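Here, each number is a calculation from the coordinates, and none is a lab measurement. None of these values were measured; they are calculated from a predicted model. Virtual Cβ from ideal backbone geometry, glycine too; neighbours counted across all protein chains shown.
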Ligand code: UGA
């Protein structure tokens, strides 16, 4: 969706194909089917000026120079990758290639395990089109590195572009990208498999970095005088480490890290290679969310019958996505302790309501959520929560207990103001 609007915004003719007619209808009316900053504005402009068209008709891509596969690659029950949507998309494009004159480059942007372009997509395209790779069509692996919540910015200004495939096809796609992004952009040209692996290595490394700082946070928290914020600052200034992705918290979630780490670990098993560091990153992350409940219990005692407010439900700020969000295991655990759970998120309320229905109290505002609460857990670091002063908690809560799971508050200010305060990675003073 974001790739499509960014190309269309720059004046390219884009046709989007999706089998979901409800989604197609929304987009035709310039309504984004999910929340993402700037997406609405881009969508309105490109739908209205006719550069972006959408349809459920899969042969609609036949006239284009490039056909992007951007479908989801969810986890199968055993954690391995499910390639059903990739196979379906490749078959649909292959069929449309059959009648097409001239050359089309198929660009595989979805995250897929090594070997998928060569051993899954290429044979399907060849079989369905009756053509051979390099004659009539090309195929490139071109993984996507955009972040939810920053997707438009990342699409327009990627750190680098990775293209895997045969030399001629890489050149065709590179030419297009040079026109789009400018001549000075870093373009890495490589094999299909290296491009596919780069994406997993990238996400695994970032997830590992977060799990690492969360492990250090847990050490800090049990150390008198410890504070992970200072330790993260200290190591982040070492250029070899870097300061990004060292924000300790309740763990990583979303539609990418959890499924991608599981998929690459499962791939490792199939080729008999141990993925010890990836397994460890997953295991640290599995335990991290429930730290919030332990901290709440430490400050508030038995939570049975108590009102616990959770601020932040999306897996990160600036999105309404709750897939694998840490709020979910926290809510589940609180419900088993028989706490009364009140929740609020600026964007994700409809999604969380669809999941928990009448099990929770859905607040209209952050203030409404903490009102008369015995304890408040910060689970996502939305800007509007950062602005909440200690006095707001003191005046509105039954007992001002705050568990800062995302390190958004200054501990000293909160403690001195009289908040009963605890934060991830903060040891006793
Ligand atoms: C991630 C990658 O950052 C993108 O490069 C990649 O394209 C994308 O996955 C994907 O595979 O499609 P995303 O899942 O949108 O992007 O979000 P991130 O900003 O990476 O955050 C992931 C999780 O890590 C969030 O739950 C976030 O709260 C957590 N996180 C991140 C931390 O807990 N601490 C940090 O310092 C950074």
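Indicate the gyration tensor shape class of the range 1-142 (rounded, prolate or oblate), computed on the Cα atoms with a ≥ b ≥ c the square roots of the eigenvalues: a/c under 1.5 is rounded; otherwise a/b larger than b/c is prolate and the rest oblate. Because a/c hits 1.5 or more and a/b fails to exceed b/c, the range 1-142 counts as oblate. Taking the three principal axes of the alpha carbon atoms in the range 12-52, the coordinate ranges are 23, 22, 14 Å, sorted in descending order.
Where both bridge residues fall in the range 127-189, DSSP classifies roughly 40% of the beta bridges as antiparallel. Across the chain, the fraction of Cα-Cα pairs farther apart than 30 Å, rounded to a whole number, is 49%. When each of the peptides 65-75, 356-366 is scored by how many other beta carbons lie within 10 Å of its residues on average, the order from highest to lowest is 65-75, 356-366.
Could you work out the relative contact order of the chain, using alpha carbon pairs under 8 angstrom and six or more residues apart, expressed as a whole percent?
It comes to 13 percent, rounded to a whole number.
Looking at the range 57-190, the DSSP beta bridges with both ends there are about 20 percent antiparallel.
Among 261, 412, 389, the ranking by other beta carbons within 10 Å of each residue's beta carbon, starting with the fewest, stands as 412, 389, 261. Counting only DSSP beta bridges whose two residues both lie in the chain, roughly 10 percent are antiparallel. Per-residue Cβ neighbour counts within 10 Å put 295, 175, 388 in the sequence 175, 388, 295, beginning with the fewest.
I need the shape label for the range 278-335. Rule: rounded when a/c is under 1.5, else prolate if a/b > b/c, else oblate, with a, b, c from the alpha carbon gyration tensor. Since a/c reaches 1.5 but b/c is at least a/b, the shape of the range 278-335 is classed as oblate.
Can you give the translational diffusion coefficient of the range 58-185 in µm²/s, computed by Stokes-Einstein from the Kirkwood radius over Cα pairs at 10 °C and 1.306 mPa s?
Diffusion coefficient, whole number: 104 µm²/s.
Relative to the longest principal Cα axis of the chain, at what angle does helix 167-181 sit, 0 to 90 degrees, rounded to 10? Approximately 60 degrees, to the nearest 10. In the chain, the longest principal axis of the Cα atoms and the axis of helix 84-98 are about 20 degrees apart. Semi-axis lengths, largest first, of the ellipsoid equivalent to the range 297-429 are 22, 16, 14 Å, with √(5λ) applied to each eigenvalue of the Cα gyration tensor.
Relative to the longest principal axis of the Cα atoms of the chain, helix 327-336 runs at roughly 50 degrees.
With a/c under 1.5 counting as rounded, go ahead and sort the range 352-399 into rounded, prolate or oblate using the C-alpha gyration tensor (a ≥ b ≥ c being the square roots of the eigenvalues; past the cut-off, prolate if a/b is larger than b/c, else oblate).
Numbers: a/c = 2.42, a/b = 1.47, b/c = 1.65.
Oblate, since a/c reaches 1.5 and b/c is not below a/b.
Across all directions, the average flat footprint of the convex hull enclosing the Cα atoms of the range 198-263 is 4.9 nm².
Once you wrap a convex hull around the alpha carbon atoms of the range 158-257, what is its projected area averaged over all directions, in nm²?
Details: hull surface 32.8 nm².
Approximately 8.2 nm², given one-decimal rounding.
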